[in-house]
Amino acid sequence: MSENNKSNWWIWKVFWILLGLTTVEVALGIFKVNGFLPHALVHDHFIGLKWLTHIFIILTLIKAAYIVMTFMHLGFEKKSLRWTILLPAFILIPYLLFIVLSEASHHFLMNG
Amino acid sequence: MSDHHHKETFITKYIFSQDHKMIAKQFLLTGIFMALVGMLMSAMFRVQLANPGETSILYNLMPSNWMDPDTGALLQDKYLALVTMHGTILVFWVLTAGLSGTFANFLIPLQIGARDMASGFINMLSYWFFFAATVVLIYSIYVPSGPASAGWTIYPPLSAEASYIEGSGLGMTLWLVSITLFIVGSLLGGLNYIVTILNLRTKGMSMKRLPLTIWALFVTAILGVLSFPVLLSCGLLLVFDRSFGTSFYLSDLIIGGEAAHHIGGSPILFEHLFWFLGHPEVYIILLPALGMTSEVISVNTRKPIFGYQAMVLSLLAIGFLSFIVWGHHMFMTGMNPFLGSVFAFTTLLIAIPSAIKVFNYLTTLWRGNIRFTPAMLFAIAMVSTFITGGLTGLILGNAPLDINVHDTYFVVGHFHIVMGLSAIYGMLAGVYHWFPKMYGRMMNKNLGYLHFWGTFICAYGVFFPMHFLGLAGLPRRYYANPVDMGQITDINDIITFFALAGAVIQFIFVFNFFYSIFRGSPASKNPWKANTLEWTTPVERIHGNWPGDLPEVHRWAYDYSKPGAEEDYIPQNVPLKEGESEH
Amino acid sequence: MEELENNNHGEAWKGGDRPFKSSYGKLMMWFFLITDALTFSAFLVSYGFFRYTAVEPVTEKSLWPVPEEVFSHFPFLTGEHPLLFVALMTFILIMSSVTMVLAVNYGHKMQKKKVVLWLSLTIIGGATFLGSQAWEWGHFIHGDKGAIQLNRNLEVVHIAKEDVIDGKDTMVLSSVYELMNADKYGHHDFSIDTVLNQLRERPSFGIRLANKDYKSNLETFEYFETSEPLEIILGAGLKKNEYGTQDFGDCFFFITGFHGFHVFSGVIILIVILINVIKGTYQRRGHYEMVEKVGLYWHFVDLVWVFVFTFFYLV
Amino acid sequence: MIYLLIGGLLFLAIVTFVQIIRVSELLSKIRNKDVNEVTENDNNIQGKILLVVGFGFLVFVIWQIVAWKHLILPPASSLHGVEIDSLMNTTMMLILVVFFITSIILFFFGFKYRGIKGRKAFFYAHNNKLEIVWTIVPAIVLSGLIVSGLKVWDSTMNVTSENSQIIELHSRQFQWAARYAGEDNILGKHDFRLIDRATNPLSLDKGDKYTIDDKITNEVHLVVGKPVMLKFRSDDVIHSAYIPHFRVQMNCVPGVRTQFGFTPTKTTQEMREDPQIIRQMQELNDRIDAMSLIEKTVFLDENFAKTVDDLPLKFDYQLLCNKICGSAHYNMKMKFVVETQEEFDTWIAQQKEVGGLVLTKK
């Protein structure tokens, strides 16, 4: 049993990391509502998004990376497999997002 | 383990078969059937365009409520239904499923040296999803309000609201159901193709020795797997808009004189999601044809394909670029002009790998010893249409030039030549070339020649003049020509004449095909003297492909007329001689 | 067929190289997950599109509802607890992902009993998540603030009231129920006229526009001059919702619904696998790869939730 | 009955066909040869046919260009259209040159290297220099096209509405309407919820002060040489405003505003004197002349809302719908007239202002 626990320690480590990140996110969200956060973080924009949004996105990507790399074992697979899986997602999804959001901003301009 | 002759019943052998060869034939037969349906539809609307408002014996093939009860002429919205169904059937059913479904299934295990697909069961499921989709689509033609009529691109709001056009009622719902089944089927198929090519290659069959057909089918499968899911999302959102009153794509609509509740959606979003699939789809259609053409040209010129590596790289480049150019279908939708520039730039880049492919084909022909089988003729015709149609793409892909030819007959001419004809020629070349392997018999050669020359002449007669219609400013999907363009009537008559002649000539092929299945002269094991592995299998087609051990691969697939060899071909499973270099 | 498939793994495998050193089943699952990722990303991208276009033209203020106000309830607790419940749901899903990893891990070690234990816990986690989602949907559909729909561009405005915070007179968000002195858990059907009359009689109440600007009672009726009130919306449906723009409700139902559908099918598949594990199918087969494959799917569902959580609830 | 006859004939034809093929296959079996094997003779014949048909196709292409050149659109009648035309002509020349060279090579190689028994093909697998050349040359040519294309695109699409006359084109199944912005040159607001087909078909905002002087018309008159900004709107499905002679096209999307700005350069009268237009109209009028009087009357009435007195027909700019929009898609069009400032002033003065027409404040 103790041996098993030892070999599972990384799972629990990742669990605590994910939990910690989520807690930070939720805390930031609650602080935002209650107005505890610095004004600049909530109201100032950077490349079309608020600074706080950027923080949320970065935290989310870290969480996603932990899930994919450790829970889904992708970090332990061959390098070629890892990139085969990740590259399409890394290229296509941001590209689609970029196109559609540029289009959205144009809509907004035209309708204004 | 060499014995793969299970007791097979009729049902497990011919209907719910898990043998990739049988599934391929099922795809092929369904594809040919749908091709005939699509072709008859085009014959009908060509007749309408030549004699607008008059009746024709052809219309009797359709339900009687498609015709005006007094004059017997085709009704206007049913003309649009014909156009829509023709597009849907040809793009998805014939050129996606019929072409890559057939040849991916048939060739992948045979050419890489595998006993079957990675999962025969999933492969079987993929066909039966496709079959169900076919049934639903055909059924939708016969519902009283008619099938989907909003064009094969089903842009909302026209496709969302039955009061805008009759076909957007039940017919459109069935279309969406059908396409969903179709997507599930092709995803299952695509996943299978990819893992089979990755994991099941026989010993020695490295990626660098893969025949170009397999490379093309591999890239095709990847394109399908990455782009079809977005069409699924796109379609699901449309289903919700149509049936549950959401506003993903709809806004500011007036229905029956009253303001509707929709607000906030945008048809432009639909167009982006749709063309995210739609453009890769063009290459899903074209790439297998390019791959098979490479194979057929190499075999019949008795020469290695010129620039194997460049051919593979250009396939990959086309595959990648196809994902980032979709906006060129949308230059005139009022999209952000900045994005127009982005898409014009990426679109024209595609011309580079395409040019490489054309020049490599031409160099392959140079100093060859060409054997004109019907397959070879179709392959040459494919190169010809790829040139003719591809070049006009330089006009359509360049945003400012698109302003005046967008949605005109110029586009119709362009895409019918570059993706319609090229892909059909590739498919026919494939059928003529691999028929002996599929059925153990030869197709009749002289009928093949007859079919080829008829098709080649008529097809150019149909689609080349369309460019002039477009340059004269005639929009596509018009029920009749605008009368103040009376001068173009002659061109339209010529097109219709060639279209009908071409349609009749296709029956030579159908006849030849079915006749040869049962009565054709028996084929030898390797009738074309080709190198690839499928020609090392016995003429009797067994489940498991090779009796005994799988062949081992020692060389690439293109050792034709290699200096120092006795024969002008060396199959892939022949070991290298001492001191022989690999290429 | 079984025989052929086994041949591809076993004896007849002639050493063609497997570039990814991974079985075909696992690869297939991975590629399937890519397709599913693209399906979801198409939804989330559309969601981004709606959110980006829901902006007031001149002032550039967002017309999108504030998620912290919408998702602010916790079962059996009164008052506002923004994000707490969805945080709990996230916790449940992450927890079930952990139990899944453990099940896979013990599968590698061929410890059947442990696999059964952790798989069962995963199923319980998944089912709990589904239950929570059902509660949340119920709450979302019922709503708790109510709103007035206006004619112009179908703008949705909320009731606000005057309040004193830190000694300053400001306006805060209120609800139709508070204005009407009604119980927010009951079923109501306010007509637009009664609400407007009540609003006239209680001058401390005003409205908050979709762009989050407050209007005092006087300003409110000025605003209604140009933009006529149409009806009272209580709760949410696909055609309209009390939170704001129509697409907010549509996206919520569609995206969380589609995710919930994935969780649901995941739970079903897990149950099937659990039965097989108990029957000893995989023990006999000599490997628990099936558990691993389903595990991949389950983690993917968790992964999607991480993004839905961020973009729908936090941002 | 007729179907039975056709069916019977078809059946007979197939049976005959099958028998002929059977006989030819049996004959070759007797001669101990496979009829379906491709012989040297076949190669020879097919290679020659390829050359003839291939070059025949090229001749057909040239014939089409010569015979149908006058049918295509005359040179553009707008400022930006001239730029588009010149880029179009350059691209077209380039395309035709490449098309002829590669097609000739293709058909000629097919013919030249038709198979001969015993000849061995030239083993030629790759040549990196050659491949690099035909990667780089197209890349250079294309970058030229892209750069000039983007330049024209930018100048065409990024037109601001300053100094332009603003006209709204309103589309619904299956008709167009135009709204002139009036003297203030600002369009009044609209909201689709204000629709009332009888009194307010364009769902205009009655309260907006800019609305009152707007003018709704069913044809569009433009002043030659004066920039115009078209703003598009749709009530139901996506339509597309296509005015080929101006090289103008833009979709009308419900819920989204789109626009296209341009400057017309030739009046309708000038176009009617253009030799190419005269020839096109001549052909059209010849066609009408060939009809009987009754046919003529019906034809003119249905298609142009005109009578025999209006013959011969004269050229007019047309706005066509270019996005599939329903059953009468092909009939959805509107007349454009380009004229001098004086002519325009007289015309616009005759049009009624919206304020006096339908809009009475509620």
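Selection of helices (runs of 4 or more DSSP H) fully inside the range C:207-305 by the criterion of at least 3 residues being of a type in the set (A, V, I, L, M), farther than 26 Å from C:PHE43 by Cβ and not assigned by TED's automatic domain parsing to the domain that holds C:VAL157 returns C:257-279.
Residue by residue through the range A:36-73, note down the ones that are basic (Lys, Arg) and either part of a helix (DSSP H, G or I) or outside the structural domain of A:TRP12 (by TED's automatic domain parsing) (or both). Selection gives A:LYS63 alone. Restricting attention to the range A:5-18, the residues being surrounded by 15 or more Cβ atoms within 10 Å (Cβ to Cβ) and either part of a helix (DSSP H, G or I) or hydrophobic (A, V, I, L, M, F, W, C) (or both) number 4.
Restricting attention to the range B:527-568, the residues that are closer than 30 Å to B:ILE23 by Cα, hydroxyl-bearing (Ser, Thr, Tyr) and either crowded, with 22+ Cβ neighbours inside 10 Å or within 14 Å of chain D (Cβ to nearest Cβ) (or both) total 2.
Please tell me if B:ALA114 is assigned to a loop (DSSP other than H, G, I, E, B) and buried (at least 23 other Cβ atoms within 10 Å of the Cβ). Yes: the conditions hold for B:ALA114. Of the residues making up the range B:371-380, none is among the polar types (S, T, N, Q) and out of contact with any Asp or Glu (no Cβ under 9 Å at 6 or more places or on another chain). Enumerate the pairs (first residue in the range B:82-93 and away from chain D (no Cβ under 14 Å) and closer than 15 Å to B:PHE274 by Cα; second residue anywhere and in a helix (DSSP H, G or I) and of a type outside the set (Ser, Thr, Tyr)) with beta-carbon separation below 8 Å, excluding pairs fewer than 6 apart on the same chain, so at least 6 apart or on different chains. Listed pairs, sorted by first residue: B:VAL91/B:GLU281; B:VAL91/B:ILE285; B:PHE92/B:ILE179; B:PHE92/B:PHE182. Candidates in the range B:199-211 are the residues that are surrounded by fewer than 23 Cβ atoms within 10 Å (Cβ to Cβ) and assigned to a helix (DSSP H, G or I); of these, the one that is nearest to the other protein chains (Cβ to nearest Cβ) is B:MET207. Residues in the range A:32-71 that are aromatic (Phe, Trp, Tyr) and within 11 Å of chain C (Cβ to nearest Cβ) were compared, and the one that is farthest from A:THR22 (Cα to Cα) is A:PHE71. Regarding B:ALA399, is this residue more than 7 Å from chain D (Cβ to nearest Cβ) and in contact (Cβ under 8 Å) with a residue 12 or more places away in the chain? It is false that B:ALA399 is more than 7 Å from chain D (Cβ to nearest Cβ) and in contact (Cβ under 8 Å) with a residue 12 or more places away in the chain. Kindly provide the set of residues from the range A:72-96 that are more than 17 Å from the chain's Cα centre (by Cα), facing chain C (nearest Cβ under 7 Å) and either farther than 30 Å from B:ILE268 by Cα or among the acidic types (Asp, Glu) (or both), ordered by number. Answer for the range A:72-96, where residues must be more than 17 Å from the chain's Cα centre (by Cα), facing chain C (nearest Cβ under 7 Å) and either farther than 30 Å from B:ILE268 by Cα or among the acidic types (Asp, Glu) (or both): A:GLU77, A:LYS78, A:SER80, A:LEU81. Among the residues of the range D:232-267, how many are hydroxyl-bearing (Ser, Thr, Tyr) and surrounded by 23 or more Cβ atoms within 10 Å (Cβ to Cβ)? Matching residues across the range D:232-267 total 3. Are there any pairs with C-beta distances below 7 angstrom linking a residue in the range D:319-333 that is within 7 Å of another protein chain (Cβ to nearest Cβ) to a residue that is polar (S, T, N, Q) and part of a loop (DSSP other than H, G, I, E, B), with the two at least 6 apart or on different chains, and if so which? Once the first residue is within 7 Å of another protein chain (Cβ to nearest Cβ) and sits in the range D:319-333, its partners that are polar (S, T, N, Q) and part of a loop (DSSP other than H, G, I, E, B) give D:CYS325/D:GLN173; D:GLY326/D:GLN173. One residue stands out in the range B:447-460 among those that are within 8 Å of chain D (Cβ to nearest Cβ) and not hydrophobic (A, V, I, L, M, F, W, C): the one that is surrounded by the most Cβ atoms within 10 Å (Cβ to Cβ), namely B:TYR460.
Residue by residue, here is whether (1) surrounded by fewer than 19 Cβ atoms within 10 Å (Cβ to Cβ); (2) touching a strand residue (DSSP E or B) at 6+ places or on another chain (Cβ under 9 Å); (3) modelled with pLDDT under 90 holds:
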site	(1), (2), (3)
D:GLU183	yes, no, yes
D:LYS189	yes, yes, yes
D:ASP205	yes, yes, yes
D:LYS209	yes, no, yes
D:ASP213	yes, yes, yes
D:ILE216	no, yes, no
D:HIS221	no, yes, no
D:LEU230	no, yes, no
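For the range D:14-39, the tally of residues that are surrounded by 11 or more Cβ atoms within 10 Å (Cβ to Cβ) and more than 17 Å from B:LYS445 (Cα to Cα) stands at 1. Kindly establish whether D:VAL133 is in a helix (DSSP H, G or I), among the β-branched types (Val, Ile, Thr) and more than 30 Å from B:ALA472 (Cα to Cα). The answer is yes for D:VAL133.
Of the residues in the range D:168-180, not one is in a loop (DSSP other than H, G, I, E, B), within 12 Å of another protein chain (Cβ to nearest Cβ), surrounded by fewer than 20 Cβ atoms within 10 Å (Cβ to Cβ) and touching a Pro at 6+ places or on another chain (Cβ under 8 Å).
Does B:GLY265 meet the test of being facing another protein chain (nearest Cβ under 9 Å), over 19 Å from the mean Cα position of the chain (by Cα) and surrounded by fewer than 22 Cβ atoms within 10 Å (Cβ to Cβ)? The answer is no for B:GLY265.
Only one of (1) closer than 22 Å to B:ASP252 by Cβ; (2) touching a residue at least 24 places away in the same chain (Cβ under 8 Å); (3) crowded, with 24+ Cβ neighbours inside 10 Å; (4) more than 14 Å from chain C (Cβ to nearest Cβ) fails for B:PRO156. Which number is that? Here B:PRO156 clears every test but (4). Does B:LEU394 qualify as being under 28 Å from B:ILE488 (Cα atoms) and assigned to a helix (DSSP H, G or I)? Yes, satisfied. Listed here are the strands (runs of 3 or more DSSP E) enclosed by the range D:196-314 that have at least 1 residues being over 21 Å from the mean Cα position of the chain (by Cα) and more than 9 Å from chain B (Cβ to nearest Cβ): D:215-217, D:220-223, D:228-234.
Within the span defined as the range B:422-435, one or more residues are under 22 Å from B:VAL91 (Cβ atoms), surrounded by 23 or more Cβ atoms within 10 Å (Cβ to Cβ), in contact (Cβ under 8 Å) with a residue 60 or more places away in the chain and of a type in the set (Phe, Trp, Tyr).
For the range C:77-94, a residue qualifies if it is assigned to a loop (DSSP other than H, G, I, E, B) and without any contact (Cβ under 8 Å) to a residue 40 or more places away in the chain, and the qualifying residues are C:LEU77, C:THR78, C:GLY79, C:GLU80, C:HIS81, C:PRO82.
Look at (1) over 20 Å from B:ALA148 (Cα atoms); (2) among the β-branched types (Val, Ile, Thr); (3) touching a residue at least 12 places away in the same chain (Cβ under 8 Å); (4) out of contact with any Gly (no Cβ under 9 Å at 6 or more places or on another chain) and you find that B:VAL37 fails only one, number (1). Among the residues in the range B:321-332, are any more than 10 Å from chain D (Cβ to nearest Cβ) and among the polar types (S, T, N, Q)? Yes, the conditions are met somewhere in the range B:321-332.
Hey, could you check the range C:106-117 for residues that are closer than 19 Å to C:VAL267 by Cα and crowded, with 22+ Cβ neighbours inside 10 Å and say which is nearest to the chain's Cα centre (by Cα)?
C:VAL115
The values are calculated or read from the model by the stated rules, or taken from the named source; none is laboratory data. Please read these numbers as outputs of a predicted model, since none were measured by experiment. All Cβ positions, even for glycine, are placed from backbone atoms using ideal geometry, and neighbour counts span all protein chains on display.
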